[in-house]
Amino acid sequence: MHKEIYDINLGNTDHSIRRNADSDFISFWDKQAKLLSWFKNWENTLDWNPPFAKWFVGGKINASFNALDVHQNSKSRKTAIFWEGEDGSSREISYSELFTDVKKFANVLKSLGVKKGDRVTIYLPMVPELPISMLACARIGATHTVVFSGFSAISLKDRVEDSQSKVIITADGGYRKGKIINLKEIVDEKAAAVNSVEHIIILERTKMKITLNQKDKFWSNLMSDASDDCDAEELDSMHPLYILYTSGTTGKPKGVLHGTGGYLTHINSTYKWAFDIKDNDIYFCTADIGWVTGHSYVVYGPLLHGATQVMYEGAPDYPNASRMWEIIQKYNVTIFYTTPTALRMFMKFGDDLPNSFNLTTLRLLGTVGEPINPEVWKWYFNTIGKKKCPIIDTWWQTETGGMMISSLPGLESIPLKPGSATKPIPGVEITVVDENGNDVDENTKGSLIIRKPWPGMLLGLWNDNEKYNDVYWSKFSGMYYPGDYAIKDSDGYLWLLGRSDDVLKVAGHRIGTAELESSLVSYHNVAESAVCGIPDEIKGESIIAFVVLKENVTESRDELLIKLKEIIRNDVGAIATPQQFYFVTKLPKTRSGKIMRRLLKSIASGENIGDVSTLEDGTAVSEVQSAFEELKKSIGENKSN
Ligand code: ATP
Ligand code: MG
């Protein structure tokens, strides 16, 4: 574990909120819920019938009302979204314009027969019409299910069919890395024929020529006739706001179902605590809305707070690796939230790129998605944040709805430790247990578990209560099992060590993937790494390491091997020395940017690679496919011992 401590004292050292929340989490969340606008108060704050939690029972609320209507007096002219297209085009949308478009589009959906409780699949690129569609669904009580626009025809069809969507909202095409993805054509391939689908709405993003079929309607035509008068439905707190499929890093994606009142309460409070959001902030989260981070902290979080944000359409490294720095400079971004994967990619290109932009407006930096290696954390802190921005490392999942472990500059100031996500949010109890579900001692590895229900908690898996119980609640009785491996240090800080399924078991020792990978990445010539175990008759498992070097490394492979083995021996121990190192140029990742160690393991052990539906999809996934091929090729070429 990394020993350095960074204490950026932000002044707020009162920890009483946390103490009070921990002593009575139900009253605590009750107070947080009151920060939102409700049509009707709830009778019961929590109805806990494990593993199902009902929050704010009897309360009536609407997500779109809380994101839009509540700001119309004070913030109607304020910019909600600065949109930056990949092709250099841009749009600026105020809170009142967003409000009008959402009401109009809600009427469009109604006119097509969409009713409360119906599902609507949204398959759009990162354009303002994506949040507009989501908010319009929420306004009338339809459940949105956003499918990432990089997914293939078959993945889209599976999700449309599984959710039994009545309408698909898509675009003629979307821009990605300078190319156009033919979204409408992909819809036509399979999803359009799903029985439940009655209408397909097509946004004209590229204005390319497309063939229209019977179910198809153009967005602009529908909007031109629509009225902008549409009251928000008064919905039960438990009303299903959305279904979202997980990234699929460990296997087949799961259809996670989220409600309204509890979810909004969780997002509203965590957004404020984590980002300490102020009226004049310019917030920029790089996540695609197709993932949960985009739902919670691009759409709902910022809008609930009437914040101004930058939304970017394309790839973070298009046309080059300084695109993000250019955007931060252009819009005077104050808060930047991205992934460790993206940071490792930026880091690979050296400091000159970010140093040639004015990034001084930044005051807070965040990460999500994977453990952040201490070396990368420090680079983010020094080079991007110029040593003045706290870094929030936020641990959470699609299933948790919102952040669960993170430092919270908007609530209290605590010292930061690079590589640790710090502590659970108030009102949430998270700890580390052994195989029998007993708490482990400090500094001992084990499974991360959550003890009590929390408001953003999933309602369940769509149409599959049995799987919901099996996956999350059956490993340890009465505890939620996220599937992550962790350690709690003597200050109560949590360190995420990777996924439980990926834990390496060598000669009776258990080693988290993040421990080894962070150690390898700490070497100055290494940009990225992934480790996995393959069966070994004597040791049980032996370790394989895949290493991506930074640009222009001149050190020889032999020298590198000596250094890397030495680093592992010193940091983790001789037992953890990988048996083989593979130098590659890319690692296979999901489109949400997570390394798929499961795939590496299958390749290295010569097994069937299993379900790769979140990888091998359409054009977006062809990138990963070529990485995969390259990987296989370089295993042949560069196999070294
Ligand atoms: P699937 O469940 O289908 O395998 P997934 O777990 O990748 O997909 P997400 O819900 O997008 O889908 O990701 C949540 C997971 O990401 C967490 O369980 C954890 O493994 C990892 N993660 C997220 N944030 C962090 C973080 N700050 N530190 C460490 N790991 C993180
Ligand atoms: Mg998961």
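If the segment from Thr585 to Gln329 were pulled out straight at 0.36 nm per residue, it would be longer than the present Cα-Cα gap by 89.2 nm. Note on the chain: with charges restricted to the Cβ of Lys and Arg (+1) and Asp and Glu (-1), its dipole about the Cα centre is near 560 debye. Applying the Karplus relation 6.51 cos²θ - 1.76 cosθ + 1.60 with θ = phi - 60° to segment 412-429 yields 3J(HN,Hα) values of 7, 9, 10, x, 9, 10, x, x, 10, 7, 6, 10, x, 5, x, x, 10, 10 Hz, where x marks Gly and Pro. Computed from backbone phi, the HN-Hα couplings of segment 574-587 come to 4, 4, 8, 5, x, 6, 9, 10, 10, 8, 10, 9, 8, 10 Hz, rounded to whole numbers (Karplus: 6.51 cos²θ - 1.76 cosθ + 1.60, θ = phi - 60°; Gly and Pro given as x). Summing charges over all other residues whose Cβ lies under 14 Å from the Cβ of Ala287, with Lys and Arg as +1 and Asp and Glu as -1, gives -1.
Projecting the Cα atoms of Pro371, Ile391, Gly350 onto the dipole axis of segment 15-487, where Lys and Arg carry +1 and Asp and Glu carry -1 at the beta carbon, places Gly350 farthest toward the positive end.
You can think of it this way: the chain between Glu43 and Glu559 has 179.0 nm of extra reach, that is 0.36 nm per residue less the Cα-Cα gap. For segment 230-350, the residue among Leu244, Ala321, Tyr337 whose Cα projects farthest onto the positive side of the dipole built from Cβ charges is Ala321. Multiplying the residue separation of Ile154 and His15 by 0.36 nm and removing their Cα-Cα distance gives an extension gain of 45.1 nm. If we count every other residue with Cβ under 10 angstrom of Thr211's Cβ, Lys/Arg +1 and Asp/Glu -1, where does the sum land? Net charge in that neighbourhood comes out at -1. Strictly over 24 Å apart at the Cα level, which of Lys387/Lys565; Lys54/Lys252; Lys3/Lys563; Lys115/Lys157; Lys54/Lys452; Lys3/Lys565 would you flag in this model? Pairs exceeding the cut-off: Lys387/Lys565; Lys54/Lys252. When DSSP beta bridges are restricted to pairs lying wholly in the chain, around 60% turn out antiparallel. Using θ = phi - 60° in the Karplus curve 6.51 cos²θ - 1.76 cosθ + 1.60, the 3J(HN,Hα) couplings for segment 538-548 round to 8, 8, x, 8, 10, 9, 10, 10, 9, 10, 10 Hz; x is entered for Gly and Pro.
A straight line joining the Cα centroids of segment 29-75 and segment 520-590 runs 49 Å. Its residue count N sets the reference 2.2 N^0.38 Å, and the alpha-carbon radius of gyration of the chain equals 0.93 times that reference.
Taking label points 7 Å from Cα along the Cα-to-Cβ direction, Asp571 and Lys217 give a separation of 5.6 nm.
Considering only alpha-carbon pairs that sit under 8 angstrom and 6 or more positions apart, the relative contact order computed for segment 486-530 is 24 percent. Heavy-atom accessible surface of the chain, averaged per residue, reaches 37 Å², computed with a 1.4 Å probe. Pairwise inverse Cα distances across segment 82-149, averaged and inverted, put the Kirkwood hydrodynamic radius at 12.6 Å. Protection proxy ranking of 118-131, 334-347, 18-31, 432-445, by the mean of other Cβ atoms within 10 Å over each peptide's residues and highest first, is 118-131, 334-347, 18-31, 432-445. At q = 0.11, 0.19 Å⁻¹, what log₁₀ I(q)/I(0) does a Debye calculation on the Cα points of segment 1-131 give, no solvent, two decimals? Per q value, in the given order, log10 I(q)/I(0) is -0.73, -1.15. Here's the list of lysines a cross-link from Lys209 could span, going by alpha-carbon distance under 21 Å and ignoring same-chain residues fewer than 8 apart: Lys177, Lys179, Lys184, Lys190, Lys217.
Across segment 15-487, the relative contact order, built from alpha-carbon pairs under 8 Å that are at least six residues apart, equals 16 percent.
If I take all pairs of Cα atoms in segment 260-343, what percentage of them are more than 16 Å from each other? Value for segment 260-343: 52 percent of Cα pairs lie more than 16 Å apart. Measuring nothing but protein heavy atoms, the accessible surface of the chain at 1.4 Å probe radius is 46 percent carbon and sulfur. Counting Lys and Arg as +1 and Asp and Glu as -1 over every other residue whose Cβ lies under 10 Å from the Cβ of Ala226, the net charge comes to -1. Once the C-beta distance of Asp470 and Lys110 is scaled by a Förster radius of 30 Å, the resulting FRET efficiency is 0.20 to the nearest 0.05.
The values are calculated or read from the model by the stated rules, or taken from the named source; none is laboratory data. Fair warning: this is a prediction, and the values are worked out from it, not measured in the lab. Every residue, glycine as well, gets a Cβ built from its backbone with ideal geometry; the counts of neighbours run over all protein chains shown. Surface accessibility is based on the protein's heavy atoms, side chains included, excluding ligands, DNA and RNA. Shrake-Rupley method; radii C 1.70, N 1.55, O 1.52, S 1.80 Å.
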